[in-house]
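The values are calculated or read from the model by the stated rules, or taken from the named source; none is laboratory data. In this text the structure is predicted, and so the values were computed from the model without any measurement. When we count neighbours, we look across all protein chains shown, and the Cβ atoms used for this are built from the backbone with ideal geometry, even at glycine. What goes into the accessible areas is simple: the full protein's heavy atoms, side chains included, and nothing from ligands, DNA or RNA. Shrake-Rupley method; radii C 1.70, N 1.55, O 1.52, S 1.80 Å.
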Amino acid sequence: MQQETIQLQTPQNWKEYQLIDSGGFEKLEKFGKYILRRPEPQAAWDKSMPESEWERTANAIFKKEKGSQEKGEWIMKKGMEDRWFMNYKTADLDLNFKLALSSFKHVGIFPEQASNWDFIQDKIKKLPVKTPKILNLFAYTGGASIASKQAGADITHVDSIKQVISWSRENMEASNLENIRWVVEDALKFVKREAKRGNTYNGIILDPPAYGRGPDGERWILEEQINELLKTVAQILDKENYFLILNMYSMGFSSLIVENLVKCSFEQSKNHEFGELYLKDSFDKKLPLGVFYRFASV
């Protein structure tokens with residue numbers, strides 16, 4: 001397997017999203033017509049804009065509960081909606097997303113993932129398969145799923161939370177798409193069953209969280225189970241026409257750990273690239289937002 005250089009990747013095609021400023025363990029972002037202020041544990045540097053400008057600009061501010069890293073509530077200014085839509089458009093993709101203010105600071109979209117959506121679209125178009133079969137694990141609100149569907153794939157979307165599947169369906173419908181296969185199940189259980197059945201996929205997308213629960217209370221801990229998951233995924237990835245994306249947002253995981261994990265499970269794969277996904281604010285500061293590993297037969 002060839003040795004690759006660690007890459008830094010950031011989306012190039014956002015028109016409705018902007019990271020305005022970052023620092024002081026916060027980020028100020030524009031999602032469509034609204035500007036949000038929320039915590040960001042990676043932003044250890046100073047803000048570029050004064051506090052007064054952050055206060056004046058934000059339409060909604062996320063305040064964490066005492067003692068919690070994730071949970072809290074949104075303080076909304078007058079005129080701010082708790083649900084709205086935004087678009088991601090390129091020469092090949094035209095995706096619409098419902099956004100909402102959740103009690104866990106998330107809004108239903110991770111803008112840095114647009115780099116992976118572009119990769120998905122490109123590889124699906126290049127695969128010499130009429131209708132590639134794609135599997136999206138830990139699929140959340142389905143950005144990768146609707147990108148796959150719009151590119152012409154047969155997509156299976158797996159997540160353990162029913163409400164998130166419903167949100168994904170809204171994004172599919174808002175993007176004028178249909179016929180995504182929805183599966184509410186623990187990801188590891190699902191791929192083990194697919195391996196036993198002998199089912200294979202041309203593309204597999206994984207975006208596992210650091211911690212999680214399956215629909216029947218199954219416990220997911222990234223460090224303990226990612227190796228087993230990748231070994232099982234290797235059994236169901238097509239051996240001739242394929243691509244794989246592994247994306248992880250965990251402060252304890254470097255891209256070198258991810259490289260070693262993938263090499264152990266996918267020894268014969270080609271065209272590898274790995275590194276960090278980031279967003280750049282309007283003051284040229286780069287905010288790291290996860291590590292990725294991608295490879296493809298085309």
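Yes/no per residue for (1) small (Gly, Ala, Ser); (2) under 23 Å from Gln163 (Cα atoms):
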site: Lys71; (1), (2): no, yes
site: Lys78; (1), (2): no, no
site: Phe85; (1), (2): no, yes
site: Lys89; (1), (2): no, no
site: Leu95; (1), (2): no, yes
site: Leu99; (1), (2): no, yes
site: Ser102; (1), (2): yes, yes
site: Val107; (1), (2): no, yes
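If you scan the range 263-291, which residues turn out to be crowded, with 19+ Cβ neighbours inside 10 Å and closer than 21 Å to Leu127 by Cα? Hits for the range 263-291 are Phe266, Ser269, Phe274.
One residue stands out in the range 213-246 among those that are among the β-branched types (Val, Ile, Thr) and open to solvent by less than 10 Å² (accessible area, probe 1.4 Å): the one that is modelled with the lowest pLDDT, namely Ile226. Consider the range 78-107 and keep the residues that are of a type in the set (Phe, Trp, Tyr) and in contact with a Leu (Cβ under 6 Å, 6 or more places away or on another chain). The one that is surrounded by the most Cβ atoms within 10 Å (Cβ to Cβ) is Tyr88. Return the residues of the range 195-215 that are out of contact with any Phe, Trp or Tyr (no Cβ under 6 Å at 6 or more places or on another chain) and in contact (Cβ under 8 Å) with a residue 12 or more places away in the chain; say none if nothing qualifies. If the condition is that a residue be out of contact with any Phe, Trp or Tyr (no Cβ under 6 Å at 6 or more places or on another chain) and in contact (Cβ under 8 Å) with a residue 12 or more places away in the chain, then Ala195, Asn199, Thr200, Tyr201, Ile204, Ile205, Leu206, Pro209, Ala210, Arg213, Gly214, Pro215 are the ones that fit. Asn136 passes every criterion in (1) closer than 30 Å to Asn241 by Cβ; (2) touching a Phe, Trp or Tyr at 6+ places or on another chain (Cβ under 8 Å); (3) open to solvent by less than 10 Å² (accessible area, probe 1.4 Å) apart from (2). Consider the range 144-157 and keep the residues that are part of a helix (DSSP H, G or I) and of a type outside the set (A, V, I, L, M). The one that is farthest from Ile236 (Cα to Cα) is Gln150. Here Asn171 does not qualify as part of a strand (DSSP E or B) and open to solvent by less than 10 Å² (accessible area, probe 1.4 Å).
Is it true that some residue in the range 58-67 is under 21 Å from Lys286 (Cβ atoms), open to solvent by less than 20 Å² (accessible area, probe 1.4 Å) and not acidic (Asp, Glu)? The answer is no; no qualifying residue exists. Check whether at least one residue in the range 186-194 is surrounded by fewer than 18 Cβ atoms within 10 Å (Cβ to Cβ) and either hydrophobic (A, V, I, L, M, F, W, C) or within 18 Å of the chain's Cα centre (by Cα) (or both), and report yes or no. No, there is no match, as no residue in the range 186-194 is surrounded by fewer than 18 Cβ atoms within 10 Å (Cβ to Cβ) and either hydrophobic (A, V, I, L, M, F, W, C) or within 18 Å of the chain's Cα centre (by Cα) (or both). Looking at Ile6, Ile35, just one residue is in contact with a Ser or Thr (Cβ under 6 Å, 6 or more places away or on another chain) and at pLDDT 95 or above, and that residue is Ile35.
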